[in-house]
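Trainee: Following this message is one structure expressed as structure tokens.
The values are calculated or read from the model by the stated rules, or taken from the named source; none is laboratory data. Keep in mind the model is a prediction, meaning the values are calculated, not measured. Cβ placement follows ideal geometry from the backbone for every residue including glycine, while neighbour counts extend to all protein chains displayed.
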Amino acid sequence: MSAALRYLSTRGASPVATLSEAIAAGLAPDGGLYVPDHLPTLSIEDFKIGGSLAETAASLLTPFFAGDALASELPAICAAALTFPTPLRPLPQHPHTSVLELFHGPTAAFKDVGARFLAASLRRVRGDHATPLTILVATSGDTGAAVGAAFHRQPGIEVVILYPDGRVSPRQAHQLGCFGDNVQALRVQGRFDDCQRMVKAALNDAALQAKSPLSSANSISLGRLLPQMSYYAHAALTWWHKHHEPLNVIVPTGNLGNALAAVWVRAMGLPLGQIRLACNANTTLPDFFAGQDYAPREAVATLANAMDVGAPSNFERLRWTFPQVDVLREQLQAHSVDDQTISATIAMHAREHGEVFCPHTATAMHLLNQLRAAGDDASWAVVATAHPAKFESVVEPLIGKPVEVPSALAAMLQRSASAESMAAEDGVLRGWLLEKAAQHVEAAS
Ligand SMILES: N[C@@H](CCOP(=O)(O)O)C(=O)O
């Protein structure tokens, strides 16, 4: 058993935290992201052959939880959260190609994995804590619904979802506003990066936190990020036991939490091979990996809207993982895929193979098609991050037929939905949260 990990901020100016403290805080007090003091290593033999996703997650995350108050709860957290499959589905018409389907959870996107794990962890960290906690979540489409679903009606928790008005799909917008009770959606008049900035400003506001304790459920929170490693470990081990070779992955990428999870799994010694990032027309990462300075910028709206991110939060953790830029650039490749190509890829796969992909998955599928056309016959998994039914207004005209809606999504679409409009200003969110806190005090007195 390795020694207990300590958790530090990527910006180096926060006190050392335990894992429970890092999960409860979401963001480090100096504005950085929590990271372990080192990445533990594991070997294939540390995992049960044919283990479930929950069992694999428990083995993978044991060194991160060692010595923490949550350590003995880890198997129960994994069992409670990871109740749906993340299958590695072979595509028969494409030799050596699989799709890692991460959209079989309640809100039909990969975010369900991390959101449910975070909810199960926070419930245990907080116990029957009397002070209510407000979870702030910025979303470009998928995270918000997963967090809303995971925390819906959880006692002592309020969820506030901030999303860019008009920049998520109609069904995503409906999901975000459909929960009610302890989950409230705000339509921010700006971009996703404005929402993310507003959330971070609130989390770093000590005076606000004193009146209204806050945390985060974006992948800036370790409680969201760590469980996302489990499906890569599970897929890589499944592949290894069958084919005795590492699995290469192409990851649709926006805020970089999903791809970073794959990078950490590989760095821990599990059999993942190449990791390629598939981005949309937002080229912050492709430009960096092509040799330019890292330069966050305003996001442009694309068909793959959940990846419309101009300042990917987890870049800070990537730099912590590989402090030397040239070493970092050897680890990953990132490519940009424009809307026209996304559309053409969705249409072609439906027409020629009867496969229907969401616009985010299509960015990754396009990169794979390019590799195959160049003669690459390695084993690749394309990561399918969301169900195409969430993007019916993009996908259905391209494939010429309706996309079947998963039952949990259909149930959400039946409910009424509402969201409050908010200006994209840090001070406006601050005032709104203070007012809400004052209402709670009044109601409790
Ligand atoms: N793609 C995301 C943006 C936020 O990413 P996260 O993984 O940091 O929560 C979304 O769908 O909201």
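Trainee: Going through segment 384-404 one residue at a time, which ones are more than 17 Å from GLY141 (Cα to Cα) and not basic (Lys, Arg)?
Mentor: GLU396, PRO397, LEU398, ILE399, GLY400, PRO402, VAL403, GLU404, listed by residue number.
Trainee: Oh, and also: Scan segment 46-62 and tell me whether some residue there is assigned to a loop (DSSP other than H, G, I, E, B), in contact with a His (Cβ under 9 Å, 6 or more places away or on another chain) and β-branched (Val, Ile, Thr).
Mentor: Yes, segment 46-62 has at least one match.
Trainee: Further question on the same structure: Give, as residue ranges, the strands (runs of 3 or more DSSP E) completely inside segment 151-220 that count at least 1 residues that are more than 15 Å from the ligand (Cβ to nearest atom), over 27 Å from TYR34 (Cβ atoms) and modelled with pLDDT of 95 or more.
Mentor: Values: elements: 157-164, 183-189, 214-216.
Hits in segment 151-220: 183-189.
Trainee: Further question: Suppose we filter segment 20-34 for residues that are surrounded by 19 or more Cβ atoms within 10 Å (Cβ to Cβ) and more than 16 Å from ARG317 (Cα to Cα); how many remain?
Mentor: Final tally of qualifying residues: 3.
Trainee: I'd like to check something: does segment 193-204 contain any residue that is closer than 27 Å to GLY105 by Cα and among the small types (Gly, Ala, Ser)?
Mentor: no
Trainee: While we're looking at this one, here's another question. For segment 362-408, which residues satisfy the criterion of being acidic (Asp, Glu) and under 21 Å from GLN340 (Cβ atoms)?
Mentor: Correct list: GLU392, GLU396.
Trainee: Same structure again: Look at GLY127 and say whether it is more than 14 Å from the ligand (Cβ to nearest atom), under 19 Å from LYS390 (Cβ atoms) and surrounded by fewer than 24 Cβ atoms within 10 Å (Cβ to Cβ). Don't jump to the end; show me each part of the working.
Mentor: Details: more than 14 Å from the ligand (Cβ to nearest atom): yes; under 19 Å from LYS390 (Cβ atoms): no; surrounded by fewer than 24 Cβ atoms within 10 Å (Cβ to Cβ): yes.
No, not satisfied.
Trainee: Now for a separate question. Can you name the residue in segment 235-267 that is more than 16 Å from the ligand (Cβ to nearest atom), out of contact with any Gly (no Cβ under 6 Å at 6 or more places or on another chain) and in a loop (DSSP other than H, G, I, E, B) and is also nearest to SER221 (Cα to Cα) among such residues?
Mentor: Only one residue tops the list, namely GLU245.
Trainee: On to the next question. Tell me, yes or no, whether segment 268-287 has at least one residue that is within 18 Å of GLU101 (Cβ to Cβ), within 12 Å of the ligand (Cβ to nearest atom) and not in a helix (DSSP H, G or I).
Mentor: There is no residue in segment 268-287 that is within 18 Å of GLU101 (Cβ to Cβ), within 12 Å of the ligand (Cβ to nearest atom) and not in a helix (DSSP H, G or I).
Trainee: From the set of residues in segment 84-95 that are of a type in the set (A, V, I, L, M, F, W, C) and part of a loop (DSSP other than H, G, I, E, B), which is surrounded by the fewest Cβ atoms within 10 Å (Cβ to Cβ)?
Mentor: So, considering only residues that are of a type in the set (A, V, I, L, M, F, W, C) and part of a loop (DSSP other than H, G, I, E, B), the one surrounded by the fewest Cβ atoms within 10 Å (Cβ to Cβ) is PHE84.
Trainee: Please identify the pairs in which a residue from segment 416-445 that is under 21 Å from GLY148 (Cα atoms) has its Cβ atom under 6 Å from the Cβ atom of a residue that is part of a loop (DSSP other than H, G, I, E, B) and among the hydroxyl-bearing types (Ser, Thr, Tyr), counting only partners at least 6 apart or on another chain.
Mentor: Pairs found: LEU433/SER212; ALA437/SER212.
Trainee: Take VAL159 and tell me if it is over 19 Å from LEU413 (Cβ atoms), in contact with a Phe, Trp or Tyr (Cβ under 6 Å, 6 or more places away or on another chain) and of a type outside the set (Lys, Arg).
Mentor: yes
Trainee: Pick from HIS349, HIS366: which is touching a residue at least 40 places away in the same chain (Cβ under 8 Å) and either assigned to a helix (DSSP H, G or I) or under 30 Å from LEU42 (Cα atoms) (or both)?
Mentor: Numbers: HIS349 fails: touching a residue at least 40 places away in the same chain (Cβ under 8 Å).
Every option except HIS366 fails the conditions.
Trainee: Given the criterion among the hydroxyl-bearing types (Ser, Thr, Tyr) and within 16 Å of the ligand (Cβ to nearest atom), identify the matching residue among SER98, SER140.
Mentor: Details: SER98 fails: within 16 Å of the ligand (Cβ to nearest atom).
So the residue among SER98, SER140 that is among the hydroxyl-bearing types (Ser, Thr, Tyr) and within 16 Å of the ligand (Cβ to nearest atom) is SER140.
Trainee: Which one of these is in contact with a strand residue (DSSP E or B) (Cβ under 8 Å, 6 or more places away or on another chain) and of a type outside the set (Asp, Glu): ILE220, ILE250?
Mentor: Sole residue among the options that is in contact with a strand residue (DSSP E or B) (Cβ under 8 Å, 6 or more places away or on another chain) and of a type outside the set (Asp, Glu): ILE250.
Trainee: For SER98, only one of the following conditions fails: (1) modelled with pLDDT under 95; (2) within 17 Å of ALA235 (Cβ to Cβ); (3) polar (S, T, N, Q). What is its number?
Mentor: (1)
Trainee: Let me ask something additional. Taking SER393, is it in a loop (DSSP other than H, G, I, E, B) and either surrounded by 15 or more Cβ atoms within 10 Å (Cβ to Cβ) or at pLDDT 95 or above (or both)?
Mentor: Values: in a loop (DSSP other than H, G, I, E, B): no; either surrounded by 15 or more Cβ atoms within 10 Å (Cβ to Cβ) or at pLDDT 95 or above (or both): yes.
No; evaluated as a whole, the condition is false for this residue.
Trainee: Can you tell me which residue is farthest from the chain's Cα centre (by Cα) among those in segment 308-354 that are closer than 20 Å to ARG297 by Cα and among the hydroxyl-bearing types (Ser, Thr, Tyr)?
Mentor: In this case the residue turns out to be SER336.
Trainee: So which residues in segment 101-110 are within 16 Å of the ligand (Cβ to nearest atom) and within 13 Å of ALA384 (Cβ to Cβ), if there are any at all?
Mentor: LEU102, PHE103, GLY105, ALA108, ALA109, PHE110 - these are the residues of segment 101-110 that are within 16 Å of the ligand (Cβ to nearest atom) and within 13 Å of ALA384 (Cβ to Cβ).
Trainee: Being out of contact with any His (no Cβ under 8 Å at 6 or more places or on another chain), modelled with pLDDT of 95 or more and surrounded by fewer than 22 Cβ atoms within 10 Å (Cβ to Cβ): is that true of THR143 here?
Mentor: no
Trainee: Here is a further query. Any residue at all in segment 335-343 that's of a type in the set (Gly, Ala, Ser), surrounded by 14 or more Cβ atoms within 10 Å (Cβ to Cβ) and touching a Cys at 6+ places or on another chain (Cβ under 9 Å)?
Mentor: Yes: one or more hits.
Trainee: Here's something else I'd like to know. Of ALA57, ALA115, ALA81, which residue is buried (at least 24 other Cβ atoms within 10 Å of the Cβ), within 15 Å of the ligand (Cβ to nearest atom), under 30 Å from SER379 (Cα atoms) and of a type in the set (A, V, I, L, M)?
Mentor: Within the list ALA57, ALA115, ALA81, the selection yields ALA115.
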